[in-house]
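Structure, as structure tokens:
The values are calculated or read from the model by the stated rules, or taken from the named source; none is laboratory data. Nothing here was measured: the structure is a model prediction, and the numbers come from that model. With ideal geometry, Cβ positions are generated from the backbone for all residues, glycine too; neighbour counts draw on all protein chains shown. Just so you know, the surface numbers come from the protein's heavy atoms only, side chains and all, with ligands and any DNA or RNA stripped out. Shrake-Rupley method; radii C 1.70, N 1.55, O 1.52, S 1.80 Å.
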Amino acid sequence: MDTHFPHEPSLEQVRRFLPGAQSSTYKNVLAKVASNQRIEGADERQMVEALYDADIAEVQTGICQIFMALGEFGMTEDTAVVVCADHGDELGEIGRTGHYTMNEWTLHTPLIVWTRRPVGGNMTVNDLTQNADSFPTLADPANIDIRSYRADGRARAPDIRSQPEGQAAKA
């Protein structure tokens with residue numbers, strides 16, 4: 001599952017997030033995104049956001065299917081589901097789409113871990129992290145010795161576990 005440019009959901013899917021979206025704007029923005037042309041005006045920007053939202057909804061559907069299959073096969077007790085991203089996307093904030101600049105919206109990425117077993121509640125690490133931290137962070141609570149894997153990054157699980165529920169962790 002991927003929410004990656006070019007986002008090409010159907011016009012019907014887009015209209016879930018942008019009721020009344022015009023076919024001409026939809027086609028024009030798809031063409032601009034595909035050829036990396038500048039996004040201009042509020043209508044085009046709203047269409048880019050609706051394209052992205054429709055892609056996110058498709059991914060959410062896929063994640064639900066994963067959870068349903070895990071439940072169907074009785075695998076929820078010993079399974080962790082991880083959702084992550086390697087980068088964010090520009091959605092026309094500065095006239096471009098994709099991931100060509102180093103802005104908050106391209107650098108801020110999620111690492112979401114779901115497990116039946118409590119690991120400290122909902123936490124956020126506000127300090128600079130990198131995707132290389134993902135494997136050590138996931139391996140730590142599973143007691144996996146990562147030294148033989150030559151993994152870059154560092155485990156963030158201790159930072160997260162040391163915080164009260166709902167608090168931001170300092171790495």
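Being more than 22 Å from the chain's Cα centre (by Cα) and of a type in the set (F, W, Y): is that true of F73 here? So F73 fits the description; yes. Across segment 80-103, the qualifying residues are those that are of a type outside the set (A, V, I, L, M, F, W, C) and open to solvent by less than 30 Å² (accessible area, probe 1.4 Å), and the one among them that is farthest from the chain's Cα centre (by Cα) is G95. Among the residues examined, E72 qualifies as closer than 30 Å to N143 by Cβ and open to solvent by 70 Å² or more (accessible area, probe 1.4 Å).
Of all residues in segment 135-143, none are more than 29 Å from M75 (Cβ to Cβ), surrounded by fewer than 14 Cβ atoms within 10 Å (Cβ to Cβ) and at pLDDT below 85.
Here the helices (runs of 4 or more DSSP H) wholly within segment 6-119 that include at least 3 residues being more than 29 Å from A155 (Cβ to Cβ) are 11-15, 23-34, 41-72. Being within 27 Å of S134 (Cβ to Cβ) and of a type in the set (A, V, I, L, M) is the requirement here; does L70 meet it? So L70 passes the test. Here G88 meets the list (1) under 30 Å from K32 (Cα atoms); (2) modelled with pLDDT of 85 or more almost entirely, failing just condition (2). In the set (1) open to solvent by less than 80 Å² (accessible area, probe 1.4 Å); (2) under 20 Å from the mean Cα position of the chain (by Cα); (3) at pLDDT below 90; (4) not aliphatic (A, V, I, L, M), the condition left unmet by E58 is number (1).
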